[in-house]
1. Cross-link candidates for LYS186: which aspartates and glutamates have Cα within less than 14 Å, leaving aside residues fewer than 8 places away along the same chain?
2. Pairs of lysines 8 or more apart, or on different chains, with alpha carbons under 20 Å: count those in the range 66-148, would you?
3. For GLU56 and ARG108, calculate 0.36 nm times their separation in residues minus their Cα-Cα distance, and state this gained length in nm to one decimal.
4. Starting from the Cα-Cα distance between ASP224 and LEU362, subtract it from 0.36 nm times their residue separation and give me the gain in nm to one decimal.
5. Between the range 214-237 and the range 246-319, what's the alpha-carbon centroid distance in Å?
6. Check cross-link reach from LYS293 to the lysines: straight Cα distance under 30 Å, and skip same-chain residues fewer than eight apart.
7. Restricting to the chain, compute how many DSSP beta bridges are antiparallel as a %, nearest 5.
8. How large is log10 I(q)/I(0) at q = 0.08 Å⁻¹ when the Debye formula is applied to the Cα atoms of the chain, each weighted equally and without solvent?
Amino acid sequence: MSNFPAPKNDLILRAAKGEKVERPPCWIMRQAGRYLPEYHEVKNNRDFFQTCRDAEIASEITIQPVRRYRGLIDAAIIFSDILVIPQAMGMKVEMLEGKGPHFPEPLRKPEDLQTVLDYKVDVLKELDWAFKAITMTRIKLDGEVPLFGFCGGPWTLLVYMTEGGGSRLFRFAKQWINMYSELSHKLLQKITDVAVEFLSQQVVAGAQILQVFESWGGELSSKDFDEFSLPYLRQIAEKVPKRLQELGIMEKIPMIVFAKGSWYALDKLCSLGFDVVSLDWSWDPREAVEINKNRVTLQGNLDPGVMYGSKEMITKKVKQMIDAFGGGKSRYIVNFGHGTHPFMDPDVIKFFLEECHRIGSL
């Protein structure tokens, strides 16, 4: 890590660590991707995962929003996908145009699972392309902004691996945890072990901050969340710093957890050991601040749909959000409550970022 250029903008790193800042740092989940015309130019006719696995192209896509919104975005996030962990575990994953991720052979019965449990995952080998893209991007950024690494949360990955893709009913994932709970825990543990190594090696490759996306957290009841999500998120928060020390990295790497829809678990999420808890837009920021009691930095939580509104409405909602989080000078990172949509206007996103800077600097 010491060979990389020194950071010129460390605002998000300081905010994540709880330091007072001159304005709230800004970045956006899925800031690199389909809403940008330059993304389509570079991706061309390539398959999605083929694009991710080409380090040069993934690096270019990562940098596109930083270049377009120069001086407005305070972090880059490596262009990749949460489903690279199931791929590394030996499962085939396709990205179908207009439909999303698809597993041709999902885990539907205990016999299916044994193959995955027996598969010896070589993270460095299987995800080598991701580490190359991170190192390449970190060098190209030249310290302009910090670089995020990330992974999917264990429960969320179990959902995709059992459902075979996205879901509305979560029939198979719920069947697993209710009929084969012991085996579900074995799968969750295996995913967690791979996630810890993957996140740690992303830092070795050059990532300066990490986020765990537990995107389907809200599909669990409070009790099931306590059993099938929280313990594994806690392991990630505790084990990554230890693994980094084993790898010779003593520097504190900030870690963020985003458990979408898990409104009932905020108090517990704030005590897991992560530095930042990211909130979806269903939260009233004032309530979240009250529950948090200054334990961690909070991130979020504008409804991405506000980007379809007028400039006046965007300004109003940004001001409401930043004010509700206490003005943004301490323990706050601006973000959406989830990712961008493919239909968003890049110029509207620019206006949003400009307003975050203007209002956050008051």
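Read-outs: derived from the displayed coordinates by stated rules, not from any lab. The structure presented is a predicted model; accordingly, all values stated were derived computationally and were not measured. Positions of Cβ are generated from backbone atoms using ideal geometry, with glycine treated the same way; all protein chains shown enter the neighbour counts.
1. GLU111, ASP112, ASP118, GLU227
2. Details: LYS92/LYS109; LYS92/LYS120; LYS92/LYS125; LYS132/LYS140.
Lysine pairs satisfying the spacing and distance rule in the range 66-148 number 4.
3. Numbers: separation 52, 0.36 × 52 = 18.72 nm, distance 3.65 nm.
Roughly 15.1 nm would be gained on extension.
4. Length difference between fully extended and current span is 45.4 nm.
5. 16
6. Qualifying lysines at Cα under 30 Å: LYS17, LYS20, LYS223, LYS239, LYS242, LYS252, LYS260, LYS268, LYS316, LYS317, LYS319, LYS329.
7. Details: 5 of 29 bridges.
The antiparallel fraction comes to roughly 15 percent.
8. -0.36
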